[in-house]
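In what follows, a single structure is set out as structure tokens and then discussed.
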Amino acid sequence: MIHLSFQRMILFLIFFVIFSTNTINADSQVSSEKHQDWKIDHAVIVVSDLNRSIEEFRSAGYTVIPGGEFPDAKTHNALIPFADGSYVELFAAIDPSLAVQMKQLVDDGVFSDVMKDLDLMDQRFMLHLAEGPGVRDFALSAPDLNLTTEPSVVSSSGLNLSNPISMSRT
């Protein structure tokens, strides 16, 4: 039985595929003659049970590749790749009680204090777990864009961009 939240995720995937093939053109902001296209690199969907979600997406016809574990954050993921190189990341706590704990920290108003020793990326994803299942994050890419040499693209884009973050999984 497909759950309503799963059906919403399927609708999101349809939107994602359509949107990821249409780039956000930042051409008018670029001082050089180079053409810059922004595109969705990936989107993150928080799920409560990764294995069940993998099976549901596979039964709906999607290719789902097991990702890996992020041991420091006690999370794991799986990827739904698309032909253009973009993908959807299914993201979950290895132990579902972690999401409950994160939500409790938010509800108690102490999340920031308790999480202050984690790096910003881990804090961000722990907050996503607290927020519960659903589309929680995304990343954009722009081939051939060097943020250090073309800062006007960033400032005029209206986007809040961060530098690349090195990440890994086991």
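If the condition is being under 20 Å from Ala139 (Cα atoms), touching a Leu at 6+ places or on another chain (Cβ under 9 Å) and among the hydrophobic types (A, V, I, L, M, F, W, C), then region 57-81 contributes Val64, Ile65, Ala73, Ala78, Leu79, Ile80.
Residue-wise test of (1) out of contact with any strand residue (DSSP E or B) (no Cβ under 7 Å at 6 or more places or on another chain); (2) within 24 Å of Asn51 (Cα to Cα); (3) exposed (fewer than 14 other Cβ atoms within 10 Å of the Cβ); (4) of a type in the set (Ser, Thr, Tyr).
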residue: Ala78; (1), (2), (3), (4): no, yes, no, no
residue: Phe82; (1), (2), (3), (4): yes, yes, no, no
residue: Ala93; (1), (2), (3), (4): no, yes, no, no
residue: Lys103; (1), (2), (3), (4): yes, yes, no, no
residue: Asp113; (1), (2), (3), (4): yes, no, yes, no
residue: Asp119; (1), (2), (3), (4): yes, no, yes, no
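Within region 50-105, the set of residues being among the hydroxyl-bearing types (Ser, Thr, Tyr) and either without any contact (Cβ under 8 Å) to a residue 12 or more places away in the chain or in a helix (DSSP H, G or I) (or both) comprises Ser53, Ser59, Ser97. Residues in region 78-87: is at least one modelled with pLDDT of 90 or more and closer than 30 Å to Asp117 by Cβ? Yes.
The values are calculated or read from the model by the stated rules, or taken from the named source; none is laboratory data. This is a predicted model, so every value here is computed, not measured. Please note: Cβ atoms are built from the backbone with ideal geometry, for glycine as well, and neighbour counts cover all protein chains shown.
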